[in-house]
Amino acid sequence: MQEVLKNSISFTSAINICLGKNIHFVAYQLPGEKGISIIIQTNPEIKPLQKLDQQLPSKGFLIAPFHKNNNEAWLINPDIILTKEIQPDDLDKLNALPSKPVKLPNGGFPKDTIKEEYILQIRESIESIKKGSFEKVVLSRVKSVKGNFTERLPAIFETLCATYPNAFVYLFYVNGQCWTGATPEPFVCSSLEGLKTVSLAGTRPYSEKNLNISNWNNKELKEQEYVTLHIEKILKKFNIPNFTKNGPYVAQAGNVLHLRTDFTFPVNTIGKRLPSLIASLHPTPAVCGMSTGKAMDFIQNAEKHDRGYYAGFLGPVGFSDGIRLYVNLRCLKVFDDRLVLYIGGGITLDSVPEEEWEETEIKAETLLSVLKQIR
């Protein structure tokens with residue numbers, strides 16, 4: 001017990017040093033695996049990634065935005081990698097690194113999305129669906145918690161790790177932006193069977209009744225089916241006929257349940273085309289809509305906030321376990337005087353505006369429940 005406590009303190013110290021010096025870093029915990037990893041870039045200069053659809057970085061932690069025209073993609077280089085036990089020498093190395101004068105933003109934060117505004121957007125979405133503009137659109141909203149949480153970020157991160165062991169939990173700082181979250185959705189991940197991607201859509205609060213898929217309604221089943229068909233279409237477009245499909249089934253993600261379908265295919269069927277496949281899969285209808293282009297245009301016009309890295313993707317690439325990318329959901333952005341939570345829901349013809357609002361409130365509790373423990 002003493003060693004566990006000591007190691008926890010060491011990770012907290014390492015994260016605090018990185019945050020205090022504005023060092024590019026990420027701390028993360030993979031789903032179903034115990035143990036935190038920290039990747040640190042010692043060079044204070046960082047350049048945005050170019051042509052990500054043509055070439056993936058060889059090694060590091062990849063961070064990509066929801067919309068590439070609004071935000072840059074980044075790679076945190078693995079100059080220092082901390083796992084398992086952190087030694088005093090490791091902390092000395094971090095303390096010796098230069099500070100970078102790029103601090104957390106103290107302004108320019110998005111305004112909270114009020115209920116009436118979100119309900120109106122949902123009604124407008126349904127009208128566009130009736131006109132045939134698209135079959136589904138995913139609308140996001142923001143919700144802020146005021147206060148300076150910088151010194152409590154390590155505690156928030158570690159509590160997320162303990163509370164959601166089956167999620168991808170992370171905390172990163174890069175080029176003046178700091179985000180943390182616990183996402184339940186794999187994007188493209190290596191596995192023993194090959195590469196895996198996931199269709200995840202439809203949300204209900206956790207209950208014994210909702211564990212049975214036969215109790216889910218047509219709207220939720222359709223919402224999940226849209227994402228599944230989209231992924232199937234892209235895999236076939238890339239001539240990957242021998243993929244396996246498992247689902248849909250009910251999957252738990254903290255205090256909520258989702259409908260999920262897993263796709264797995266051999267690595268050798270995609271080869272060097274993996275960057276192009278990733279670019280084609282993102283954004284999926286789970287975070288954007290059907291049809292993607294028209295839904296994206298609607299999102300850009302309807303939402304008054306920039307999603308930034310919410311609904312983008314992130315994760316380690318080039319390490320021993322291959323590629324582990326996750327869709328950035330259940331996340332928040334850190335400002336010097338507040339935390340801004342990003343949450344969203346899929347809108348279809350069968351959506352009930354009041355119920356869609358309540359769904360986002362339930363999703364927000366994933367992070368709010370942790371913040372209540374820390375404050």
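Key figures
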| quantity | calculated |
| --- | --- |
| Amide H within-cut-off set for residue 167, under 5 Å, with H built and near neighbours excluded | 32 |
| Calculated Rg and Dmax of the stretch 92-175 using C-alpha coordinates, Å | 19.7, 62 |
| Segment residue 112-residue 152, length gained on full extension (0.36 nm per residue, minus Cα span) | 12.2 nm |
| Pairwise FRET efficiency - residue 53 versus residue 130, Cβ, R0 = 35 Å, nearest 0.05 | 0.55 |
| Label-point gap, in nm, between residue 79 and residue 336 - each point 7 angstrom along Cα→Cβ | 2.4 |
| Under the span-like rule (Cα at least 20 Å along the axis, Kyte-Doolittle mean at least 0.5), DSSP H helices of the chain | none |
| Cβ-derived FRET efficiency at R0 35 Å, residue 274 paired with residue 249, nearest 0.05 | 0.85 |
| Where labels lie 7 Å past Cα in the beta-carbon direction, separation of residue 215 and residue 96 in nm | 5.9 |
| Directionally averaged projected area (convex hull, Cα atoms, the stretch 1-150), nm² | 13.5 |
| Candidates 54, 224, 252, ranked by Gaussian network fluctuation over the chain, Cα under 10 Å, top entry | 54 |
| Total charge dipole magnitude, the stretch 249-338, about the Cα centre, Cβ charges on Lys, Arg, Asp, Glu only, Debye to nearest 20 | 140 |
| Hydrodynamic radius of the stretch 249-375 per Kirkwood, over alpha carbon pairs, in Å | 17.2 |
| Residue 267 paired with residue 193, simple spin-label distance in nm, labels 7 Å along Cα-to-beta-carbon | 1.7 |
| Least to most buried among 199, 13 (fewest other Cβ within 10 Å first) | 13, 199 |
| Extension gain from residue 87 to residue 33, taking 0.36 nm per residue of separation minus the Cα-Cα distance | 17.3 nm |
| Cα centroid separation, the stretch 282-349 to the stretch 59-77 (Å) | 12 |
| Debye intensity ratio I(q)/I(0), log10, the chain, q values 0.08, 0.11, 0.12 Å⁻¹ (C-alpha model) | -0.39, -0.75, -0.90 |
| Top of 138, 188, 267 by mean-square fluctuation, Gaussian network on the chain, Cα under 10 Å | 267 |
| Which of 91, 192 has the fewest Cβ neighbours within 10 Å, and the rest in rising order | 192, 91 |
| Extension reserve of the residue 354-residue 291 stretch, reckoned as 0.36 nm per residue once the Cα distance is removed | 20.3 nm |
| GNM top mover of 167, 182, 155 - the chain, alpha-carbon springs below 10 Å | 155 |
| In sequence order, calculated HN-Hα J values of the stretch 41-46 (Karplus, 6.51, -1.76, 1.60; Hz; x Gly/Pro) | 9, 7, 6, x, 8, 9 |
| Size of electric dipole in the stretch 110-164: Cβ of Lys, Arg +1 and of Asp, Glu -1, about Cα centre, debye, nearest 20 | 140 |
| Within the chain: Cβ-based charge dipole about Cα centre, in debye rounded to nearest 20 (Lys, Arg +1; Asp, Glu -1) | 580 |
| Neighbour-count order for 164, 249, 310, fewest beta carbons within 10 angstrom listed first | 249, 164, 310 |
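Read-outs: derived from the displayed coordinates by stated rules, not from any lab. Keep in mind that this is a model prediction, so the values were computed, not measured. Cβ coordinates were reconstructed from backbone atoms using ideal geometry, including for glycine residues, and neighbour counts include every protein chain displayed.
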